[in-house]
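J.: This structure is in structure tokens; I'll ask about it shortly.
Laboratory data are not the source of any read-out in this text; all were calculated from the coordinates shown. These numbers were taken from a predicted model, which means no experiment stands behind them. All Cβ positions, glycine included, derive from the backbone under ideal geometry; neighbour counts span all protein chains shown.
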Amino acid sequence: MHRLTGIPQRLGYRMPAEWCKHRATWMSWPFDDEMWHGQLHDVRREYAAFVKTLSRYEPVHLLVRDAEARATAETAFSGVSAINLLNVPLDDVWLRDNGPIFVRREVVDTNPHQDLPQLAAVNWQFNSWGQKYSWDLDNLAPLAIAKNQGFHLFESSIVMEGGSLEVNGEGLCLTTEQCLLSPMRNPTLGKVEIEKYLFDYLGIDQVVWLKMGLEGDHTDGHIDTISRFSGVDTVLTSVCKDRLDPNYDRMQENLEILKDVRLKDGGRLQIIELPLPERRLELKDGTRLPPTYANFYIANGAVLVPQYEDQQDSKALALLQQVFPSHKVIGLPSRAIITGGGSFHCLTQQEPASY
């Protein structure tokens, strides 16, 4: 690991869009049956199917928490050479949020900074979605990854989760007020201060603030469960058909905000409405879950989409195949995984390829 000083944006770094080529994907192997409400066996089955599918398109680095996790992961992925296991103590598995966010140096020049690496990572602070669960080990995961791979690392002092940010790779970012303005994350920071951090560390120069995320989302409204870029100026955004569902008004308000956005060149966003699953999914105690097709993951040549045994599953796949014509859109089961509160995008973190 090599620590870097200075402001990443001033040194030419920016967070690439997810559809840019990946060198690998980082994930963590599920553990703790209680965390998964008694469904760890089914979660691992769905998770293994996802990782095996993903590994056909790019390498997967999989963090394993302890000896039991390593043994079960070795059994699940026996004979799959594109999956690499790495021992890292963990509190949870949602690496999109507690892992590093990778940035790439987008300029090639002959200035005094020319010896900088093309790829680096930003180590944000993580406090388990506003101090909801344990997080001490998860907060150390970026350091462990950087040490193992010899990554160059920038350090940031504020709390930030990867699932709270959606970028187009050219300076535009979507997020939600519900999440980033949560008093349990960065209580002394307002929109202006947060935008400055995003500009300095990720090269983001325009932020679109949506309002609320899905009901039942313990992350306080992560953007990657509701609205996603599929191109530089094209956004897929979740809509709810049931007017009696609390998500209806929330998604409509976000839709109207997106319609009003003016891009830096004066243009508008192209907006594609993505249906939410129709069935209301709950835990045994009545807690609502946040199933969504927006939590897809864009890999090298494929888009992996969660499926929930819902009548909207096939419609979402067909729509996403139209939106990503150069990718193979693959639906995979996430009915058990969603009991943990997220799905495929929440579980993954892309490592961009060098030019």
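J.: If you stretched the chain out fully between GLU106 and LYS132, how much longer would it get, using 0.36 nm times the residue separation minus the C-alpha to C-alpha distance? Walk me through the intermediate numbers first.
T.: Working: separation 26, 0.36 × 26 = 9.36 nm, distance 3.66 nm.
Full-extension gain reported as 5.7 nm.
J.: Please report, in debye to the nearest 20, how large the charge dipole of the chain is about its Cα centre when each Lys and Arg carries +1 at its beta carbon and each Asp and Glu carries -1 there. If you can, show how the numbers build up before the last one.
T.: On the way: 35 positive and 47 negative charges, 152 e Å.
Dipole of the chain, to the nearest 20 debye: 740 debye.
J.: Still on this structure, please answer the following. Identify, among VAL239, GLY79, SER182, the residue whose Cα sits farthest towards the positive end of the charge dipole of the stretch 2-348, taking +1 on the Cβ of Lys and Arg and -1 on the Cβ of Asp and Glu, with the dipole about the Cα centre.
T.: Highest projection toward the positive end goes to GLY79.
J.: Suppose every K and R has +1 on its Cβ and every D and E has -1 on its Cβ; what is the size of the dipole of the stretch 124-253 about the Cα centre, in Debye to the nearest 20? Write down the numbers at each step before the final one.
T.: Working: 10 positive and 20 negative charges, 25 e Å.
Here the size comes out at about 120 debye.
J.: Is the C-alpha gyration tensor of the stretch 52-186 telling us rounded, prolate or oblate? Criteria: a/c under 1.5 is rounded; beyond that, a/b larger than b/c is prolate, otherwise oblate. Display every interim value, and only then the final one.
T.: On the way: a/c = 1.78, a/b = 1.17, b/c = 1.53.
Cα axes put the stretch 52-186 in the oblate bin.
J.: Sticking with this one: Please compute the length gained on full extension between MET184 and ARG279, using 0.36 nm multiplied by the number of residues separating them and subtracting their Cα-Cα distance. Can you show the working numbers first?
T.: Numbers: separation 95, 0.36 × 95 = 34.20 nm, distance 3.12 nm.
Residue separation times 0.36 nm, minus the Cα-Cα distance, leaves 31.1 nm.
J.: Please give the calculated 222 nm ellipticity per residue for the chain, where each DSSP H segment of at least 4 residues contributes -39500 (n - 2.57) and the sum is spread over every residue; nearest 500 deg cm²/dmol?
T.: Values: 10 runs with 88 residues, N = 355.
Taken over the chain, the calculation gives -7000 deg cm²/dmol.
J.: Moving to a separate point now. How much length is gained on full extension from LYS52 to ASP265, taking 0.36 nm per residue of separation minus their Cα-Cα distance? Intermediate results must be reported in sequence, preceding the final value.
T.: Working: separation 213, 0.36 × 213 = 76.68 nm, distance 4.14 nm.
Gain on extension, LYS52 to ASP265, equals 72.5 nm.
J.: For the chain, what's the relative contact order in percent, using C-alpha pairs closer than 8 Å and at least 6 residues apart? Walk me through the intermediate numbers first.
T.: Values: 758 pairs, mean separation 77.7, N = 355.
Relative contact order comes out at 22 percent.
J.: Students often forget the sequence filter, so: which lysines lie under 18 Å Cα-Cα from LYS259 once same-chain residues fewer than 8 apart are removed?
T.: The reachable lysines, counting only those whose Cα sits under 18 Å from LYS259, are LYS211.
J.: If I model a spin label at TYR248 and ASP32 as a point 7 Å from the Cα along the Cα→Cβ vector, what separation in nanometres do I get?
T.: Distance between label points: 3.7 nm.
J.: Using the Cα centre of the chain as origin and beta-carbon charges of +1 (Lys, Arg) and -1 (Asp, Glu), tell me which of PRO100, HIS37, TRP209 is placed farthest towards the positive end of the dipole.
T.: About the Cα centre, the residue reaching furthest to the positive side is PRO100.
J.: If you take every DSSP beta bridge whose two residues both sit in the stretch 1-154, what share of them, in percent to the nearest 5, is antiparallel? Don't skip to the end; give the middle numbers.
T.: Details: 6 of 19 bridges.
Percentage antiparallel, nearest 5: 30.
J.: Name the residue, out of LEU332, LEU116, LEU317, whose mean-square fluctuation peaks in a Gaussian network model built on the chain with Cα pairs under 10 Å.
T.: LEU116
J.: Classify the chain as rounded, prolate or oblate from the Cα gyration tensor: take a ≥ b ≥ c as the square roots of its eigenvalues, call it rounded if a/c is under 1.5, otherwise prolate when a/b beats b/c and oblate if not. Before the final figure, lay out the partial values.
T.: Numbers: a/c = 1.39, a/b = 1.07, b/c = 1.30.
Rounded shape, in that the Cα axes give a/c under 1.5.
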